[in-house]
Every structure is written in C-alpha cells, then in structure tokens.
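Reading through the structure tokens given below for one structure.
The values are calculated or read from the model by the stated rules, or taken from the named source; none is laboratory data. Please read all numbers here as calculations on a predicted model, not as lab measurements. Positions of Cβ are generated from backbone atoms using ideal geometry, with glycine treated the same way; all protein chains shown enter the neighbour counts.
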Amino acid sequence: MPARALAPPLLAMLATLTACTTPPEVDPRYRPSASALEIIAVLERHVPDDTYRFAPARDFTDRNVYRSSLLRLENLEQIHAPALRAGHLDGAIAFAKARAFERLRAFDLAAEAYRIAAEREASLRSEALRSADLCGDLHAATDATSPLEPVDLTEGPPGLLAIPSPEVALDGFEARVARLEELARTADGTHHAYVVAEEIERVDLQRARYFATLRSVLPDGDVRAIGEFQRVALQHSRSKLAARHLLSLADLYVDLALEYVEQRPPEGLRFDPGEFRDLVDSGARIYEMVAARDGTTEKLEAQRRLEAFLAFALSVDRDRFTP
C-alpha cells in the first residue's frame, strides 16, 4: 500500500488520541487565586484568632495563613495590575495587607497600609485609623534597641561597646512592658489584644535571656537567671509557648549542672553531692512536666533531653551522691 494511503488513517488516529488526552489537573497548592476577595475572605476568617494561646492557623498549603495571604495579595497585584488599575479594591486590599502585616510583626508597614485603606475606602476609615494608631504605637514600643545588643559608651571612633548595666536594662524592660500594658488596655476586646500580649511575652523573654547571658558576672547571677525564667513560665503559662519556656528553664538547670561538675570535679573534695542532686532533680522534674504534655512537639524534645541529662548525671561518681 502506498505511503500516502497510510497518512489519513494515521492522522485520524493521532487526532483521536489527542482529543482523548486531557491535561493533568493543577495541584491546588500551585493554582493561582481566583480573586482578591477569595484571599481576603480566608484572611478575615482568621483575624479574630487568639495567636497568643494558639499557633497561627495554616492554610491548605500548610503555611502560615497570614504570610501566605500577604504573598498571594502581592502576587495578585502584580499579575492583575491592569484589571486593578481602576482602584475599586485598593482600600480592601490595603486593609487586608495591614491585617497580615500586624500578625507578622511589621507594625510600621501595617500602620502605613491602614492609612492607605482609610483614604481609599470610607466604610473602613474608622477601624483603619484606630488600627493605624495602635500599630504605630506598637512599632514605637517594640522598635527600641534590645538591652542584649551592645551600645557605644564612648564618643568618637573606635568607641567602646558594652552591654547596659542590669539597672539600666531592667528600667528599659519595665518601661517597655508598662507601655505595652497601656496599649493592652486600649486594645481590650479586639484582636489586637492578642498581638500586644505576644509582644509583652517577647519582652519578658528578652529580660530573662539578658540575665542568663550575664549570670556569670553578676552577683547571684545563677539565682537571678533561674528566677527570671521561672517568672516567664508563670506569667505566660497560658501561652502557646508555655512548654518552650519550661524547656528553657530546664536547659538552664542542665547548664548549671554541667558547669558545677566542671568547676568541682566529682573526685575532688569541693564536690557537694546534695547541691548537684538539687540541680539534677530540678531540671529532671521540669523535663518530666513537659514530657507529660500530649500533642506538642516539645514533648519529644523533653523526653530526649531528659534521657541525655539523666545519662550525664549517672556518669558522675555515684559514691558522691551519698552525703
């Protein structure tokens, strides 16, 4: 049979196969958002979430819902710039981005976006201006230099860098917390109360880390560091990070036990079995508390750290555990 006679049936068969073959469906995680309203609806659903007590929600891509919503809004603005040129959604998009910014701790950007929303959308003006003022105050309260960062104590180059004294640092921490507590009263009854509570927790944790950093040079530094981490654990016992705070306290006891053995070897006469046992018992007890909490990743961490800590304690001369 001539080759030309085979061509039409072959072409017909190829056309049939092509018609029957459909492109694979795009995974929803990589499918572009249908509209700005779709993104805003997902974001607004999670605006009232208590992110102080519970971890931020995650969307269908298993990413932080506030971060993913912000990225989608920014991508939408770039991809559909001609369609959005009329500006009908400018106010709504700016307001939604501000809601995302404030949960991502970009308070200055949130305040700016809120003011844009107030200018572009009259129906959002009242809430946008209130939120803008609060975010501006939050930015001012949280943008201060941390006492953990060295400061220049001399004039002119090269300058002498040093960490602020405990008195200066403590005054700074207390002033920041007092300012945030004032904002908490202003934000009471709104979702911003959770945002402020998270910032107070961060300042308290910075304070504890400050004293832990300087415990080797401060009088009774070890006792002060333990007290500060205990304070954080007690004041923020309802926080989503409560187990993490307890782990930090237990880790401090581990460090103290390791340092004690290094400074007072078990074979020496300066080793006090009772003092060492107190450190081991305190750290182990806290690890056990965290290990008993179901449904948290800290549970596994506490179990493994407890095993390692007890193995270290058993490696110390057992005879020294008997007073």
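Does the range 119-135 include one or more residues that are modelled with pLDDT of 95 or more, surrounded by 20 or more Cβ atoms within 10 Å (Cβ to Cβ) and basic (Lys, Arg)? No, the range 119-135 has no match at all.
Applying the condition of being more than 27 Å from the chain's Cα centre (by Cα) and either loosely packed, with under 13 Cβ neighbours inside 10 Å or of a type in the set (S, T, N, Q) (or both) to the range 276-298 and asking which residue is farthest from Ala311 (Cα to Cα) yields Ser282. Of all residues in the range 15-37, those satisfying the criterion of being of a type in the set (D, E, K, R) and either modelled with pLDDT under 60 or surrounded by 12 or more Cβ atoms within 10 Å (Cβ to Cβ) (or both) are Asp27, Arg29, Arg31.
Against the condition of a type outside the set (Val, Ile, Thr), touching a strand residue (DSSP E or B) at 6+ places or on another chain (Cβ under 7 Å) and at pLDDT 90 or above, how does Pro48 come out, does it pass? Criteria not met by Pro48. Residues in the range 165-208 that are buried (at least 19 other Cβ atoms within 10 Å of the Cβ) and not in a helix (DSSP H, G or I): Ala187 alone.
Within the range 303-323, no residue that is assigned by TED's automatic domain parsing to the domain that holds Glu259 sits with its Cβ atom under 6 Å from a residue that is exposed (fewer than 15 other Cβ atoms within 10 Å of the Cβ) and modelled with pLDDT under 65 at 6+ positions apart or across chains.
Is it the case that some residue within the range 286-299 is small (Gly, Ala, Ser), within 14 Å of Arg244 (Cα to Cα) and assigned to a helix (DSSP H, G or I)?
For the range 286-299, residues small (Gly, Ala, Ser), within 14 Å of Arg244 (Cα to Cα) and assigned to a helix (DSSP H, G or I): present.
Flag set for Leu234, criterion: among the aliphatic types (A, V, I, L, M), within 19 Å of Ala212 (Cβ to Cβ), part of a helix (DSSP H, G or I) and under 24 Å from the mean Cα position of the chain (by Cα). Ala36 meets all of the listed conditions (1) farther than 25 Å from Asp188 by Cα; (2) without any contact (Cβ under 8 Å) to a residue 24 or more places away in the chain but one, namely (2). When Ala250 is tested against the conditions (1) crowded, with 16+ Cβ neighbours inside 10 Å; (2) in a loop (DSSP other than H, G, I, E, B), the lone failure is (2). Of everything in the range 223-268, what is under 22 Å from Arg293 (Cα atoms) and among the aromatic types (Phe, Trp, Tyr)? Give them in sequence order. Listed by number, the residues that qualify are Phe229, Tyr253.
Of everything in the range 195-252 that is β-branched (Val, Ile, Thr) and either assigned by TED's automatic domain parsing to the domain that holds Ala57 or closer than 24 Å to Arg305 by Cβ (or both), the residue that is modelled with the lowest pLDDT is Thr213.
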